Structures are given as C-alpha cells and as structure tokens.
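The values are calculated or read from the model by the stated rules, or taken from the named source; none is laboratory data. This one's a predicted model, so the numbers in the text were calculated from it and none came from an experiment. Backbone-built Cβ (ideal geometry, glycine too); neighbour counts: all protein chains shown.
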Amino acid sequence: MKKIRTNVFETNSSSCHSLVVAETPNFNYTIIPDKDGLITLDGDSYGGGDGKEYTDALTKANYVATSVVMGRGYHDESETEFDPDLATKEQLEDFYIARAHDSENARRLVNIIKKHTKAKCVHLIPKKYNVYIDHDSAGLGIDFMRDHTDEEVKNLLFNSESVLTLDYNG
C-alpha cells in the first residue's frame with residue numbers, strides 16, 4: 001500500500017523505507033568526483049533497517065541507484081536470465097552496466113549527479129554480489145524518479161534535511 005502525504009513519499013510493508021524531501025533549501029554537495037572526475041555509486045543492501053535515518057548525499061544516491069539499476073529487486077526472475085548469486089563478477093558488472101544504460105531513470109540520476117558535482121562520469125556498478133533493496137520497498141527509488149522533477153531529485157540527494165529512513169513495519 002502506498003500513502004502519499006505532502007513532501008513525504010513512503011511505502012507501508014514489511015520493510016518500511018521512506019524518502020522525505022525537505023522544502024527548505026540546505027544543499028550540501030558532498031559527493032566528490034575523484035581526480036579523474038569519476039563518481040562510482042556502488043549500491044548496497046537495503047533490508048528492513050532499524051529506523052536509522054540517512055541524510056548524507058552518498059547514501060541517498062546509492063539507495064536510488066540500487067533501486068533504478070536493480071529494478072524492483074533481483075528476486076523477480078522475469079528481470080534476468082541468469083542468477084546473480086551464481087554469476088561471475090564480470091557477468092554481474094556487464095549486467096548492471098547494461099541495465100543502467102537501458103534505464104531512463106538511471107540516465108536521469110547520472111545526469112543530475114553530474115550537473116551538481118561537476119563529475120565527468122558517474123558509474124553505477126555494485127561493489128558486491130548481493131546488492132538489493134528489500135522486495136517490499138524495492139520500487140521506491142524507481143517510483144520517486146518517475147514521479148518527481150529533476151529539481152526534486154536534486155533536493156532529495158543533496159539537501160541535508162531530506163531523509164532516507166530504513167525501518168520495519170511492525
């Protein structure tokens with residue numbers, strides 16, 4: 001079930017991840033390209049959580065990147081023809097790179113990050129095999145990217161008052 005309130009986007013499920021976008025501008029551009037102008041978003045595993053709130057740009061960007069590249073979770077077998085748990089590192093990287101290039105949401109995310117960090121390139125490549133978002137919240141980043149403007153995505157990522165919360169519903 002989805003419940004949308006003013007300035008809040010959240011899910012209600014066994015995992016209860018929420019994105020809260022602040023209205024007050026308080027931008028902190030803390031995602032810094034390396035010496036070659038590269039930013040790598042390597043995702044992470046986002047299960048239910050313990051109610052922890054994240055306000056840093058890198059964690060929020062990795063969460064959204066994990067969502068848009070992974071789709072609604074790799075547990076959906078229609079998404080891929082191979083098992084990510086059995087794939088080689090090279091196969092997995094090729095898979096994620098192809099998914100990122102095929103995703104309008106991933107391209108938008110990359111362009112927003114490049115614009116506001118002056119990065120030359122942003123890679124969406126996982127650092128480990130089990131990058132995922134809990135199945136009940138896996139679409140949150142995709143839905144957020146689809147339903148919000150570039151300015152709102154920038155506000156989520158780089159506004160230190162915007163919050164990603166990972167929790168369980170129960």
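Could you please let me know if S13 is among the small types (G, A, S), modelled with pLDDT of 75 or more and on the phi < 0 side of the Ramachandran plot?
no
Sort out which residues of segment 140-170 are β-branched (V, I, T) and part of a strand (DSSP E or B), and write them in order of number.
First pass over segment 140-170, keeping only residues β-branched (V, I, T): 142, 149, 153, 163, 165.
Once the filter is applied, which keeps residues that are β-branched (V, I, T) and part of a strand (DSSP E or B), segment 140-170 yields V163, T165.
Here is a check on your reading of the model: is Y96 more than 14 Å from the chain's Cα centre (by Cα), closer than 21 Å to L140 by Cα and either of a type in the set (A, V, I, L, M) or at pLDDT below 80 (or both)?
no
Please determine, by comparing only the residues of segment 16-34 that are surrounded by 17 or more Cβ atoms within 10 Å (Cβ to Cβ) and in contact with a His (Cβ under 9 Å, 6 or more places away or on another chain), which one is modelled with the lowest pLDDT.
Restricting attention to segment 16-34, the residues satisfying the condition of being surrounded by 17 or more Cβ atoms within 10 Å (Cβ to Cβ) are 16-21, 31, 33.
Restricting the remaining residues to those that are in contact with a His (Cβ under 9 Å, 6 or more places away or on another chain) gives 21, 31.
Working: V21: 87, I31: 94.
It comes out as V21.
Looking only at residues in segment 15-30 that are part of a strand (DSSP E or B) and under 15 Å from L157 (Cβ atoms), which one is nearest to the chain's Cα centre (by Cα)? Spell out the reasoning first.
At the first step, the residues of segment 15-30 found to be part of a strand (DSSP E or B) are 15-20, 27.
Checking the rest, the ones that are also under 15 Å from L157 (Cβ atoms) come to 19-20, 27.
On the way: L19: 11, V20: 14, F27: 18 Å.
The extreme case among them is L19.
Do we have any residue at all in segment 99-113 that's buried (at least 17 other Cβ atoms within 10 Å of the Cβ) and modelled with pLDDT under 75?
yes
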